[in-house]
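Read the structure below first, then the notes.
The values are calculated or read from the model by the stated rules, or taken from the named source; none is laboratory data. Note that the structure is predicted; figures quoted are calculated from it, not measured. So basically every Cβ, Gly included, is an ideal-geometry build from the backbone, and we count neighbours across all protein chains shown. Side chains are part of the model used for accessible areas, which takes the heavy atoms of the whole protein and leaves out ligands, DNA and RNA. Shrake-Rupley method; radii C 1.70, N 1.55, O 1.52, S 1.80 Å.
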Amino acid sequence: MFYGTAVWDPWLIVGQIICLQCSYYLTLGLFTMVFLGLRVPRLSLVYFFDYATLTTSTFTGWCVIASLLFSSLAGAVYMIFLVERARKCLDFSATLYIVHLFFCIMYGGWPSSMAWWVVNGTGLAVMALLAEYLCIKREQREIPMDRFNSRV
């Protein structure tokens, strides 16, 4: 962790975005498998990207909502290690959800469900705020000076 002057490195930023996006979708797949594995006969990408599955009228819809929200919590933890800076957490969270919106549009069209917007907006807020909090806590830790003392 280097906190000196900011160096513009677009390849690092793209790499961080790709790692965060992949980690988010792997976690979303894990939580979807845990919550929906016994409820549906076959898991597919429809539970990731189709806005019609995000409904509050069925138990399956609530399981999809829970997997999305738990994935946003995990994404905040991933940002501690991938982004490392509190002031960048909102940018990376918004980028993740904008890319997710793009994938949803490509898969099932423009999300017209209010539940989809509420769940993803809540997920964005939870991920950004929790990641900022955790990164601030990590940045404010004391630096141990024991390893710098020389033994003479």
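Points worth noting:
- Entirely in the range 1-98, the helices (runs of 4 or more DSSP H) that have 3 or more residues that are open to solvent by less than 60 Å² (accessible area, probe 1.4 Å) and aromatic (Phe, Trp, Tyr): 10-36, 46-49
- Entry remark, the range 99-110: residues being touching an Asp or Glu at 6+ places or on another chain (Cβ under 8 Å) and open to solvent by 90 Å² or more (accessible area, probe 1.4 Å) number 1 in total.
- Taking the criterion of being acidic (Asp, Glu) and surrounded by fewer than 14 Cβ atoms within 10 Å (Cβ to Cβ), the residues of the range 117-144 that qualify are GLU139, GLU142.
- For beta carbons closer than 9 Å, sequence separation of 6+ or different chains, a first residue in the range 36-62 that is of a type in the set (Lys, Arg) and a second that is open to solvent by 50 Å² or more (accessible area, probe 1.4 Å) and assigned to a helix (DSSP H, G or I), the qualifying pairs are ARG39/PHE59.
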